[in-house]
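What follows is a set of notes on a single structure, which appears directly below.
The values are calculated or read from the model by the stated rules, or taken from the named source; none is laboratory data. The structure presented is a predicted model; accordingly, all values stated were derived computationally and were not measured. Backbone-built Cβ (ideal geometry, glycine too); neighbour counts: all protein chains shown. Quick note on the areas: whole protein, heavy atoms, side chains included, nothing else; ligands and nucleic acids left out. Shrake-Rupley method; radii C 1.70, N 1.55, O 1.52, S 1.80 Å.
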Amino acid sequence: MTCNLGILESLSVDSIAKISENWNGFCSTSEALLKGSGDLSFSAEFMTQVKNLCEHGLASLVEQHFLCCVQETFERNGARRFWSYFEPYSNVAPLETNKDPILEEEIQQVICKALEEISSEKQYQEKCLLLLAHALQSYEENKSQGQVNPDSTRVYLFSKYQLIVSSVLLASLPRHFPGILHWYFKGRLEELSTIAGANSEDDDELGMDDKMDLDEKSKLPNKCANADSDRNHKYARFLGNNKLVKNIGMVVRDLRNLGFTSMAEDAYASAIFFLLKDKVHDLAGDDYRSSVLESIKAWIQAVPLQFLRALLEYLGDFTSCNDTSSGLKSPLASHPSLCYSGAGIPSEGLVRWQLRLEYYAYETLQDLRIAKLFEIIVDYPESAPAIEDLKQCLEYTGQHSKLVDSFISSLRYRLLTAGASTNDILHQYVSTIKALRTIDPAGVFLEAVGEPIREYLRGRKDTIKCIVTMLTDGTGGNPNGPGSSGDSLLEELNRDEESQENTIVDDDINSDDKQAWINAQNWEPDPVEADPSKGSRYRRKVDILGMVVGIIGSKDQLVSEYRVMLAEKLLNKSDYDIDAEIRTLELLKIHFGESSMQKCEIMLNDLIDSKRTNTNIKATIKHQPQPEQRDLEVSLDNLNATIISSNFWPPIQDEAVNLPEPVEQLLTDYAKRYTEIKTPRKLVWKKNLGSVKLELQFEDRAMQFNVTPLHASIIMQFQDQKRWTSKNLAAAVGVAVDVLNRRINFWISKGVLAESMGADSADHVFTLVETINDTGKSGAIDGGCEELLTGDEDGEQSVASVEDQLRKEMTVYEKFITGMLTNFGSMALDRIHNTLKMFCIADPPYDKSLQQLQSFLSGLVAEEKLELREGVYVLRK
């Protein structure tokens with residue numbers, strides 16, 4: 001329609017007067033009509049005036065004037081009053097911090113009342129607008145003789161009016177209104193959740209048939225069909241409370257009519273996600289021993305999706321996935337097996353909502369578990385269900401990098417500190433490997449997570465010793481704690497043996513081609529976090545032992561430490577029971593190879609041969625005439641000897657000690673009989689090693705002890721002489737005075753000897769305590785047995801440690817290093833290492849690792865022979 005004002009020039013005075021009269025009447029009638037609040041008594045007069053003005057070509061002017069009046073009236077009577085309802089709540093605290101139920105109820109009532117009033121005003125204005133549309137349409141039909149679309153004018157005017165309503169409201173939108181809507185929907189959904197929870201108490205299991213994700217449901221159409229009746233029952237019961245859903249639907253519909261479609265959807269969507277987040281936190285909590293993922297998905301089916309289905313049906317938006325009339329099709333339209341309650345085919349909108357809700361639930365649970373992953377791994381394997389939940393979440397979200405970054409940060413802050421023992425760090429590392437290989441069987445992300453731990457452990461001196469202890473000791477490196485297979489690596493050695501046996505069996509079946517085909521079909525590129533040097537995920541295998549040994553960098557160092565530990569354990573044995581050691585050695589041979597463990601095997605064979613030799617020697621005594629036994633003479637039956645092949649054992653700590661004459665004679669007789677049996681071999685006694693069982697008889701008590709030869713030799717000196725000075729006793733035993741003072745403290749602590757000051761302050765006096773009353777001590781119980789092994793006091797060992805052996809072997813290179821630093825002034829560690837490998841090729845050749853060289857140079861720095869300045873070594877001046 002157009003407005004031709006040029007026609008006014010051809011009009012007569014009467015026509016102009018008539019137009020002016022109709023226009024004035026139209027303006028006053030329009031104003032009265034819009035202010036009528038339901039009174040349409042002016043409708044006939046209004047339509048006549050519009051018709052007369054249109055006949056003079058002023059239809060467009062009529063339309064524009066009426067829409068301007070509608071806008072002014074709506075601003076005054078609609079928008080201002082509508083927003084005035086929410087002014088008292090402009091300073092209300094956010095939803096997350098304000099939990100006032102009274103305020104919630106009040107806001108719900110205000111929203112409903114405000115929407116009801118503005119919707120009523122809008123409906124009345126639409127009736128007025130409809131009068132105008134009929135008048136204009138009637139004129140157009142008469143003019144064109146019925147050849148125009150009868151609804152075109154109405155559609156045009158109503159679209160213009162809807163634009164006016166939306167523009168007016170959005171132009172004056174208060175900042176706090178979206179938060180109020182969020183609050184409203186959150187309260188309504190909590191109420192629905194409470195109703196659903198009350199209903200679920202009557203069921204054996206809430207959502208028992210809905211506990212599967214979209215992929216699982218697509219594979220189980222038959223099961224879904226059988227469960228349809230149960231879902232229909234639950235859905236009908238849910239709709240039995242449809243008054244609440246209807247009220248929510250009315251609010252959403254009114255908001256849509258006002259142009260708040262996006263705002264309304266954002267409000268109830270954010271409320272749903274807020275409620276879902278609370279539910280995930282409530283179900284997950286700090287209990288890691290049960291899976292919660294299925295319960296969360298069941299709750300999504302029971303509350304949010306049921307609410308959304310009822311809401312979409314109320315609003316008329318529930319369209320089947322198979323409905324292609326809109327030209328769009330859901331990406332999940334090929335999965336009708338979702339089997340929602342009701343029609344059996346979910347709407348496209350509902351499918352999208354489920355995908356959004358499940359993704360949000362997976363991501364929220366994933367973030368919770370990642371934040372507590374350190375505690376979860378500490379509790380592993382009891383926390384295995386939480387690990388399995390996390391695995392499913394990561395498979396759904398693909399946010400593995402978030403796990404890597406967060407866990408590495410937790411490790412550095414909570415584990416890789418000076419206050420954590422090496423044993424604790426190793427145990428956590430092993431638990432981390434076991435837990436993360438559930439999430440990542442290929443070990444791609446485990447490589448990234450484990451690298452900070454490995455790097456930190458390489459800087460600790462006792463790392464190798466702790467690893468060997470975990471490999472051989474059922475207590476996981478803590479001799480005072482209970483044995484646990486979870487703390488020990490023995491279980492991994494056993495698993496390697498079982499895997500090898502299974503491999504031997506599988507070799508008879510040609511399955512390589514089949515497995516290669518399966519791998520080819522399932523191939524995916526490694527993630528960006530993967531180390532390209534480790535090979536593809538399908539060729540990679542998470543090997544706990546390999547990763548732990550990889551901390552050291554060389555299995556030779558671990559084998560050397562194991563030899564020392566095994567030698568210490570064998571030398572301290574009071575019998576020949578080595579079944580456990582043989583079992584451990586056989587398992588280590590599977591992992592490290594027989595050649596590496598050859599010397600250890602010889603050490604165990606020495607004990608087996610010692611037992612046989614000891615038995616043979618004692619058997620010869622029974623067949624030979626025995627001379628009459630003198631007083632204080634010790635019988636050969638009381639001696640058990642461990643005979644070692646010194647070339648295959650680590651260097652033994654040798655300490656001179658004078659044994660009592662009867663014992664010396666006993667050792668001589670034993671060596672003589674050994675030579676007779678093993679000609680031409682001879683025995684060289686290590687008199688400081690072994691254990692001695694003693695029974696001390698006093699006037700009022702008897703005490704039993706299991707001690708070292710040196711301790712036994714000290715106390716035997718008091719058999720003939722009850723009082724000794726420290727210097728005389730040291731000379732009699734054959735040790736230094738400071739060594740004697742250290743070792744004799746054991747007897748003093750047990751109340752066997754008493755210490756006093758002599759004439760010389762440096763020369764103490766030790767006296768045998770015949771009765772308890774002599775000192776007032778009650779140190780031991782009669783008949784009890786006290787034990788003191790060599791390694792238990794002052795950290796002294798029977799075998800030289802790996803560090804001592806390395807220092808002795810490296811001493812030969814000290815002159816080379818000094819000469820290089822003299823010529824070059826200063827050298828970095830790598831350069832010293834490469835130079836030694838290049839020039840030290842004669843016997844003995846330089847074959848040490850970079851870590852071993854660094855340890856030796858650190859010793860020279862401690863001895864003040866070298867200095868370390870900014871990463872380079874220089875001679876100390």
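Scanning for something outside any loop (DSSP other than H, G, I, E, B), open to solvent by 80 Å² or more (accessible area, probe 1.4 Å), closer than 30 Å to Pro709 by Cβ and at pLDDT below 70, does the stretch 794-810 turn up at least one residue? Looking through the stretch 794-810, none of the residues is outside any loop (DSSP other than H, G, I, E, B), open to solvent by 80 Å² or more (accessible area, probe 1.4 Å), closer than 30 Å to Pro709 by Cβ and at pLDDT below 70. Candidates in the stretch 814-840 are the residues that are touching a residue at least 40 places away in the same chain (Cβ under 8 Å) and part of a helix (DSSP H, G or I); of these, the one that is nearest to the chain's Cα centre (by Cα) is Leu829. For the stretch 420-438, the count of residues that are out of contact with any strand residue (DSSP E or B) (no Cβ under 7 Å at 6 or more places or on another chain) and at pLDDT below 80 is zero. Pro680 falls short on exactly one of the conditions (1) out of contact with any Asp or Glu (no Cβ under 7 Å at 6 or more places or on another chain); (2) within 23 Å of Leu768 (Cα to Cα), and that condition is (2). Taking the stretch 583-621 as the range and being closer than 29 Å to Tyr674 by Cβ and small (Gly, Ala, Ser) as the test, the residues that pass are Ser610, Ala619. With respect to Glu867, determine if the residue is assigned to a strand (DSSP E or B) and at pLDDT below 65. It is false that Glu867 is assigned to a strand (DSSP E or B) and at pLDDT below 65.
Residues that are small (Gly, Ala, Ser) and open to solvent by 10 Å² or more (accessible area, probe 1.4 Å) were ranked within the stretch 63-90; the one that is modelled with the lowest pLDDT is Ser90. A search for C-beta distances below 8 Å between a residue of the stretch 841-864 that is more than 16 Å from Leu829 (Cα to Cα) and open to solvent by 70 Å² or more (accessible area, probe 1.4 Å) and any residue that is of a type outside the set (Phe, Trp, Tyr) and at pLDDT 80 or above, counting only pairs 6+ apart in sequence or on different chains, returns Glu864/Arg876. So which of Asp575, Asp507 is exposed (fewer than 13 other Cβ atoms within 10 Å of the Cβ), of a type in the set (Asp, Glu), within 30 Å of Ala641 (Cα to Cα) and modelled with pLDDT under 85? Of Asp575, Asp507, the one residue that is exposed (fewer than 13 other Cβ atoms within 10 Å of the Cβ), of a type in the set (Asp, Glu), within 30 Å of Ala641 (Cα to Cα) and modelled with pLDDT under 85 is Asp575. As a summary of the residue check, Ser713 satisfies the conditions (1) modelled with pLDDT of 85 or more; (2) open to solvent by 50 Å² or more (accessible area, probe 1.4 Å) except for the one numbered (2).
So that you can scan it fast, the table gives a plain yes or no per residue for (1) under 22 Å from Ile300 (Cβ atoms); (2) in a helix (DSSP H, G or I); (3) under 16 Å from the mean Cα position of the chain (by Cα):
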| residue | (1), (2), (3) |
| --- | --- |
| Gly349 | yes, yes, no |
| Gln354 | yes, yes, no |
| Leu365 | yes, yes, yes |
| Glu382 | no, no, yes |
| Pro385 | yes, yes, yes |
| Tyr396 | yes, yes, no |
| Lys402 | no, yes, yes |
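Taking the criterion of being touching a residue at least 60 places away in the same chain (Cβ under 8 Å) and surrounded by 18 or more Cβ atoms within 10 Å (Cβ to Cβ), the residues of the stretch 689-700 that qualify are Leu689, Gly690, Ser691. Please specify each residue of the stretch 718-732 satisfying the condition of being in contact (Cβ under 8 Å) with a residue 12 or more places away in the chain, buried (at least 18 other Cβ atoms within 10 Å of the Cβ) and assigned to a helix (DSSP H, G or I). Those that are in contact (Cβ under 8 Å) with a residue 12 or more places away in the chain, buried (at least 18 other Cβ atoms within 10 Å of the Cβ) and assigned to a helix (DSSP H, G or I): Phe718, Ser726, Leu729.
Scanning the stretch 591-612 for residues that are in a helix (DSSP H, G or I) and either hydrophobic (A, V, I, L, M, F, W, C) or under 11 Å from Ser645 (Cα atoms) (or both) gives Phe592, Lys599, Cys600, Ile602, Met603, Leu604, Asn605, Asp606, Leu607, Ile608, Asp609, Ser610.
Here Gly443 passes the criteria (1) modelled with pLDDT under 85; (2) on the phi < 0 side of the Ramachandran plot; (3) surrounded by 18 or more Cβ atoms within 10 Å (Cβ to Cβ) except the one numbered (2). Being open to solvent by less than 30 Å² (accessible area, probe 1.4 Å), closer than 22 Å to Gln428 by Cβ and touching a Ser or Thr at 6+ places or on another chain (Cβ under 7 Å): is that true of Ile551 here? Yes. For the stretch 738-763, the set of residues classified as farther than 21 Å from Leu696 by Cβ, open to solvent by less than 50 Å² (accessible area, probe 1.4 Å) and not in a helix (DSSP H, G or I) consists of Gly758, Asp763, listed by residue number. For the stretch 668-686, residues that are in a loop (DSSP other than H, G, I, E, B) and among the basic types (Lys, Arg) total 4. For Gln697, work out the one condition from (1) more than 21 Å from Lys618 (Cα to Cα); (2) in contact with a helix residue (DSSP H, G or I) (Cβ under 7 Å, 6 or more places away or on another chain); (3) not small (Gly, Ala, Ser) it doesn't fulfil. If we test Gln697 against (1) more than 21 Å from Lys618 (Cα to Cα); (2) in contact with a helix residue (DSSP H, G or I) (Cβ under 7 Å, 6 or more places away or on another chain); (3) not small (Gly, Ala, Ser), just (2) comes out false. As a summary of the residue check, Val735 satisfies the conditions (1) modelled with pLDDT of 85 or more; (2) not in a loop (DSSP other than H, G, I, E, B) except for the one numbered (2). Restricting Ala702, Ala730, Ala712 to those that are of a type in the set (Gly, Ala, Ser), touching a strand residue (DSSP E or B) at 6+ places or on another chain (Cβ under 6 Å) and in the same structural domain as Asn688 (by the TED database) reduces the list to Ala712. Whether a residue is assigned to a loop (DSSP other than H, G, I, E, B) and modelled with pLDDT under 85 was assessed, and Gln557 does not pass this test.
The C-beta contact set for the stretch 263-292 (first residue touching a residue at least 24 places away in the same chain (Cβ under 8 Å), second residue of a type in the set (A, V, I, L, M, F, W, C) and assigned to a loop (DSSP other than H, G, I, E, B), distance under 6 angstrom, 6+ apart or interchain) comprises Ala284/Val292.
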